[in-house]
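Colleague: Take this structure first; my questions come after.
The values are calculated or read from the model by the stated rules, or taken from the named source; none is laboratory data. What you are looking at is a predicted structure, and each value in this text was computed from that prediction instead of being measured. In this analysis, Cβ positions are derived from the backbone assuming ideal geometry, glycine residues included, and neighbour counts consider all displayed protein chains. The area values use the complete protein model at the heavy-atom level, side chains included, leaving out ligands, DNA and RNA. Shrake-Rupley method; radii C 1.70, N 1.55, O 1.52, S 1.80 Å.
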Amino acid sequence: MNVLVIGASRGIGLELVRQYLAAGERVIATARDDAALEHLRELGAVPLKLDVANPASISGLSWQLDGEKLDLAFYVAGVLTHESANSPPTQQAFDHVMHTNVLGAMQALPQVAPWVEEAGGVFIFMSSSMSQIEGVPNSSAWLYRVSKAALNMAVAAAQHDYPRATLVTMDPGWVQTDMGGRGAPLSVQDSVRGIRTTVASVTPADKGRLLVHDGARARHW
Ligand SMILES: NC(=O)c1ccc[n+]([C@@H]2O[C@H](COP(=O)([O-])OP(=O)(O)OC[C@H]3O[C@@H](n4cnc5c(N)ncnc54)[C@H](OP(=O)(O)O)[C@@H]3O)[C@@H](O)[C@H]2O)c1
């Protein structure tokens, strides 16, 4: 299989690269700094420089992938900020989170999805249970919640334009990464093992859905 991982310098993205390489797959992996690209090359991945918050950087992605049939593509890049409805985000924080988590995904999608369609593959976008509106427990990480809810809509709507691919969002669980922190219940290895198993179980009925790392199918709302 050909696998693309966007946002592979560390955390869940890097572990996806490790596990798919260990399974014998060919992996194209993106990062935005040279040290991370060198590390990805040493692991055996094909490194690609990409800053998802820079539209000029994303605009070259399609031709860089020219000719690749992508069985799996992952949009993993994401950022988290910690505000609540009592202390709203600054414009700078809003732009930072929304550009990375939403605009970057919306700009990468049409660059990558045609190559996923070539293989009849699956395009997975890392979302979160924090995107879900029903039963939301509080406004912690308010902006992040909004960004992931927007991402779910962007992916579900775009599915209609790429019928030969399957586009889904994925909740990886609460994971021990720089973002999730050491107190998270799930190791990055276990989260990614679950993601891989869940992705392998995807059927056309899952198009546009929010999937969970343990195989469950969640509600978008
Ligand atoms: N950890 C959790 O508990 C959890 C739970 C739910 C959802 N998620 C989602 O899962 C995804 C991965 O999370 P993680 O825990 O692995 O986070 P992480 O350890 O903080 O890693 C974030 C990744 O995103 C990349 N990134 C950020 N901004 C970027 C940009 N402008 N261009 C390219 N890459 C960029 C980072 O690259 P640099 O090294 O260059 O910064 C890094 O590779 C995120 O979308 C996150 O929202 C995580």
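Colleague: Can you work out ³J(HN,Hα) from phi for every residue in the stretch 207-221, in order, using Karplus 6.51 cos²θ - 1.76 cosθ + 1.60 and θ = phi - 60°, giving whole Hz and x for Gly and Pro?
Modeller: 3, x, 7, 9, 9, 10, 4, 8, x, 5, 10, 9, 8, 6, 10
Colleague: Another question, if that's okay. Report the FRET efficiency, 1/(1 + (r/R0)^6), for Ala205 and Ser87, where r is their Cβ-Cβ distance and R0 is 35 Å, rounded to 0.05.
Modeller: Details: r = 42 Å, r/R0 = 1.19.
The value I calculate is 0.25.
Colleague: Cβ neighbours within 10 Å, averaged per peptide: list 135-141, 15-21 in order, most packed at the top.
Modeller: The densest-packed peptide leads the list: 15-21, 135-141.
Colleague: What percentage of the solvent-accessible surface of the chain, computed with a 1.4 Å probe over protein heavy atoms, is contributed by carbon and sulfur atoms? Don't skip to the end; give the middle numbers.
Modeller: On the way: 5480 of 10250 Å².
It is 53 percent, rounded to a whole number.
Colleague: Give me the angle, in degrees from 0 to 90, between the Cα long axis of helix 188-200 and the longest principal axis of the Cα atoms of the chain, rounded to the nearest 10.
Modeller: That helix lies at roughly 70 degrees to the long axis.
Colleague: Mark the label point 7 Å from the Cα of Gln64 along Cα→Cβ and return the residues of the stretch 1-20 whose backbone N is within less than 13 Å of it.
Modeller: 4-9
Colleague: Once fully extended, how much extra length lies between Arg193 and Lys49, figured as 0.36 nm per residue of separation less the alpha-carbon to alpha-carbon distance?
Modeller: Numbers: separation 144, 0.36 × 144 = 51.84 nm, distance 2.58 nm.
Contour length minus the Cα-Cα distance gives 49.3 nm.
Colleague: If you roll a 1.4 Å probe over the heavy atoms of the protein chains, what accessible area per residue do you get for the chain, in Å²?
Modeller: Numbers: 10250 Å² over 221 residues.
It amounts to 46 Å² per residue over the chain.
Colleague: If I stretch the segment between Arg164 and Glu42 completely, what's the gain in nm (0.36 nm per residue apart, minus their alpha carbon distance), one decimal? Can you show the working numbers first?
Modeller: On the way: separation 122, 0.36 × 122 = 43.92 nm, distance 3.36 nm.
That works out to 40.6 nm of additional length.
Colleague: Could you order the peptides 143-150, 158-165 from most to least packed, using the average number of other C-beta atoms within 10 Å per residue? Provide the component values of the computation, followed by the final result.
Modeller: Working: 143-150: 21.8, 158-165: 15.4.
Packing proxy ranking, top to bottom: 143-150, 158-165.
Colleague: Now a separate question. What residues qualify as long-range amide H neighbours of Val122, i.e. H under 5 Å apart, gap of 5 or more or another chain, H built at 1.01 Å from N?
Modeller: So Val122 has HN proximity to Leu72, Ala73, Thr166.
Colleague: Express the relative contact order of the chain as a whole percentage, based on alpha carbon pairs under 8 Å and six or more residues apart in sequence. Intermediate values should be presented prior to the final figure.
Modeller: Working: 446 pairs, mean separation 40.5, N = 221.
Reported relative contact order: 18 percent.
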